Structure formats: C-alpha cells, structure tokens
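Enquirer: This structure is in structure tokens; I'll ask about it shortly.
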Amino acid sequence: MWEAIGLGIIQGITEFLPISSSGHLILAPKIFGWNEPGLAFDAMIHLATALAVAIALRSEIWTLIVGLSKPQDSEDGRQSRRLTGMIILASIPVAIAGILGEDLIEEKLRSAIIVAAALVLGAILLYLADRRASNSEPIVSQLSEINYKQALVVGLAQAGSLIPGISRSAATIAAGLGMKFSRETAVKFSFLAGLPAVVGAGLLGAWKSLGGDGEIVILAVAFLAALVAGILSIKLLLLVARKTNFNIFVIYRIALGIILFLFWME
C-alpha cells in the first residue's frame with residue numbers, strides 16, 4: 001500500500017514538472033527497495049495523470065469541446081478545430097517514435113548512466129530556452145495563436161522525450177519557449193499535446209494487463225495518489241510559469257543527474 005502511494009505520488013509529480021519521471025522511477029525503487037509495479041499499475045497511474053490534466057485544464061478543454069460543436073464558419077468553431085489539429089499534429093511524432101522504438105527504449109536506454117546524461121542535457125536545453133524567453137517578448141501568448149510549424153516542433157521534442165531522463169514536460173516546454181511561446185502558453189500546450197500520448201500509454205497498458213491479478217484496492221490507491229499529486233503539480237508549474245522562470249527545475253535536474261551518475265551507474 002505504501003509503495004502504491006509513493007509511486008503514485010512520484011508519477012503524479014514528475015509526469016508534469018520538468019524533472020523526468022524516468023529518473024525518479026529508477027531512483028525511488030533503489031532507495032526504498034521497492035519492486036517493479038507491473039503493467040496494470042503503470043496503466044492506472046497514466047490514466048490518473050491524464051485525468052489530472054482534464055481537471056486542471058478543464059476550462060481550456062471545455063472551451064475546446066464547446067467550440068468543436070459550433071459551426072465551422074464561426075470564430076469559436078474555427079479556433080477549436082485549429083487547436084485540435086495542432087494537438088493531433090504534436091501527437092503524431094511521439095506515436096510513431098513509440099511504436100518504432102519501443103524495444104530500443106526498453107532494452108537499451110533505461111540504464112542509470114543514460115538517464116543521468118539525459119537529465120543534464122535536458123536541464124541545459126530548458127535553461128537556454130527559458131533564458132531566451134526572459135530576454136525577449138513572447139510572440140505566442142494564447143493557445144489559439146499556435147501555428148502548424150510550432151506544433152510540429154513541439155511534437156518532435158515530445159518524440160525525443162521518449163529517451164528516459166529527457167522529460168516530456170521539459171522537452172515540450174523548452175520547444176515552446178524556443179518558438180517564443182509565453183511560459184504559461186508553453187506549459188498549457190505541453191500538457192494538451194501530451195494528453196493523447198498519456199491516455200494512449202494508459203489504455204495500452206490496461207489492454208496488455210487484462211487477465212492480470214492486480215489488486216483493486218492497491219490500484220485504486222495508486223490512481224488517487226497520482227491524480228491528486230498530478231493536479232497539484234500542474235497548478236504549481238502554471239504558478240511558476242506566471243511568476244518566475246524555470247531555474248529551480250534546471251538545478252534540480254542537474255543535481256539528480258549527478259546523484260544517478262555517482263551512485264547508480266550501470
């Protein structure tokens with residue numbers, strides 16, 4: 001039960017903050033002696049973090065859904081269909097990369113040394129993108145202003161984040177900042193663009209685990225822990241995006257990378 005709560009909280013926090021869920025999910029079991037949770041568990045916490053996005057960004061998602069129900073020649077209808085297209089476009093590269101590179105990622109790229117290097121590399125990219133954002137006025141301050149080229153760049157960054165340690169959140173936020181999104185817009189589009197991938201991963205894991213003997217209570221507790229932690233971490237990141245820069249996450253990533261490199265290098 002405590003492992004379920006702990007892993008659920010870790011997933012909920014690190015799925016959204018730009019600090020890498022892979023690094024933490026490698027580190028935590030080594031520190032606490034936890035076992036691998038299994039496919040059913042993994043599926044539940046992915047679905048929980050998808051629900052966390054839906055709750056935390058319910059206003060944006062509801063506006064999108066309402067707009068899709070309106071005529072195509074209305075302004076709301078055009079904007080909602082356009083943003084939906086951007087989200088789909090940003091989801092395509094990660095879907096292709098996930099299908100083609102699944103074996104490589106699972107078998108070759110999950111060592112502590114690769115995760116440590118990716119943590120540091122991701123920290124550098126996030127810092128450079130954030131510094132650029134601090135030194136120039138954003139061009140894109142609303143989700144409706146994102147164009148197809150910018151969405152594709154974010155999508156390619158999301159595909160690159162399949163390398164454990166890069167962090168989907170860090171990669172997509174850095175790409176958004178590089179495209180001169182405002183920090184808040186970069187964070188929101190990062191979550192919306194990642195929603196299909198997170199839902200897909202959860203449903204795929206649930207499908208593969210059908211017939212398993214996962215305990216319902218354990219899975220439910222993990223789901224709830226990941227959901228609550230996910231909502232809180234999304235709200236925290238949006239607050240940071242509105243008030244300051246992302247340097248705290250850059251420092252944390254580098255520190256975690258050094259710890260992994262020194263103590264758990266394989």
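Enquirer: Is any residue of the range 89-113 close enough, with backbone N under 17 Å, to a label point placed 7 angstrom from the Cα of Trp207 along the Cα-Cβ axis, and if so, which?
Expert: In the range 89-113, the label zone of Trp207 (backbone N under 17 Å from the point 7 Å along Cα→Cβ) covers 92, 94-103.
Enquirer: Label-point separation (nm) for Lys30 and Thr84, each offset 7 Å from Cα along Cα-to-Cβ?
Expert: 4.5
Enquirer: Additional query: Which one of Gly178, Leu219, Val198 has its Cα pushed farthest toward the positive end of the charge dipole of the range 134-266, where Lys and Arg give +1 and Asp and Glu give -1 at the Cβ?
Expert: Checked the options; the winner is Gly178.
Enquirer: Shifting gears a bit: Using r as the Cβ-Cβ distance of Ile99 and Ser134, and R0 as 30 Å, what FRET efficiency do you calculate, to the nearest 0.05?
Expert: Step by step, r from the Cβ atoms, then E = 0.20.
Enquirer: Can you tell me the relative contact order of the chain? Whole percent, Cα pairs under 8 Å, sequence separation 6 or more. All intermediate terms of the calculation are to be shown ahead of the outcome.
Expert: Values: 428 pairs, mean separation 105.9, N = 266.
Taking the mean separation of contacting Cα pairs over the length of the chain, I get 40 percent.
Enquirer: Follow-up question, since we're still on this one. Give the accessible surface of the range 1-132 per residue, rounded to a whole number of Å², with probe radius 1.4 Å and ligands, DNA and RNA excluded.
Expert: Counting only protein heavy atoms, the per-residue value for the range 1-132 is 51 Å².
Enquirer: Which links in Lys108/Lys243; Lys70/Lys149; Lys30/Lys188; Lys180/Lys235; Lys108/Lys180; Lys180/Lys243 stretch past 29 Å when you go from one Cα to the other?
Expert: Result: Lys108/Lys243; Lys30/Lys188; Lys108/Lys180 exceed 29 Å.
Enquirer: Tell me the accessible surface of Asp103 in square angstrom (1.4 angstrom probe, heavy atoms of protein chains only), to the nearest ten.
Expert: Per-residue accessible area (Asp103): approximately 100 Å².
Enquirer: Which net charge results when you count Lys and Arg as +1 and Asp and Glu as -1 among the other residues whose beta-carbon is under 13 Å from that of Leu126?
Expert: Overall, the nearby charge balance is +4.
Enquirer: Oh, and also: Kindly identify the range 82-240 as rounded, prolate or oblate by the Cα gyration tensor criterion: order the square roots of the eigenvalues as a ≥ b ≥ c, call it rounded if a/c is under 1.5, otherwise compare a/b with b/c, prolate if a/b is larger, else oblate.
Expert: Prolate shape, in that a/c is at least 1.5 and a/b is the bigger ratio.
Enquirer: Counting pairwise Cα distances across the range 93-144, what percent come out greater than 15 angstrom?
Expert: 68
Enquirer: Quick one: Cα centre-to-centre distance for the range 146-177 and the range 55-127, in angstrom?
Expert: 7
Enquirer: Where does helix 216-243 land angle-wise versus the long Cα axis of the chain, in degrees 0 to 90, nearest 10?
Expert: Helix 216-243 and the main axis of the chain meet at about 50 degrees.
Enquirer: I would also like to ask the following. Quick check: from the Cα gyration tensor, does the range 105-183 come out rounded (a/c under 1.5), prolate or oblate?
Expert: It comes out oblate by the Cα gyration axes.
Enquirer: How far, in degrees from 0 to 90, does helix 2-14 lean away from the longest principal axis of the Cα atoms of the chain, to the nearest 10?
Expert: Orientation of helix 2-14: about 30 degrees from the principal axis.
Enquirer: Could you please put Val120, Val217 in sequence from largest to smallest accessible area, using a 1.4 Å probe? Kindly include the intermediate steps, with their values, before the conclusion.
Expert: Working: Val120 50, Val217 90 Å².
Result of the area sort, largest leading: Val217, Val120.
Enquirer: Taking the Cβ of Leu162 as the centre, find all other residues whose Cβ is under 10 Å away and add up their charges (Lys, Arg: +1; Asp, Glu: -1).
Expert: Numbers: positive: Arg168; negative: Glu102.
Its environment carries a net charge of 0.
Enquirer: Follow-up. For the chain, take the longest principal axis of its alpha carbons; what is the angle in degrees between that and the long axis of helix 112-135, to the nearest 10 within 0 to 90?
Expert: Rounded to the nearest ten degrees, it is 30.
Enquirer: Follow-up question, since we're still on this one. Go ahead and run the numbers for FRET between Ile61 and Glu106, Cβ-Cβ distance against an R0 of 35 Å, rounding to 0.05.
Expert: Working: r = 31 Å, r/R0 = 0.89.
Plugging the Cβ-Cβ distance into 1/(1 + (r/R0)^6) gives 0.65.
Enquirer: Helix-derived [θ] at 222 nm for the chain: sum -39500 (n - 2.57) over DSSP H runs of at least 4, divide by residue count, nearest 500?
Expert: -26500 deg cm²/dmol
The values are calculated or read from the model by the stated rules, or taken from the named source; none is laboratory data. Everything numeric here is computed off the predicted structure, so don't read it as measured data. Every residue, glycine as well, gets a Cβ built from its backbone with ideal geometry; the counts of neighbours run over all protein chains shown. These area figures cover heavy atoms from the full protein model, side chains too; ligands, DNA and RNA do not enter into them. Shrake-Rupley method; radii C 1.70, N 1.55, O 1.52, S 1.80 Å.
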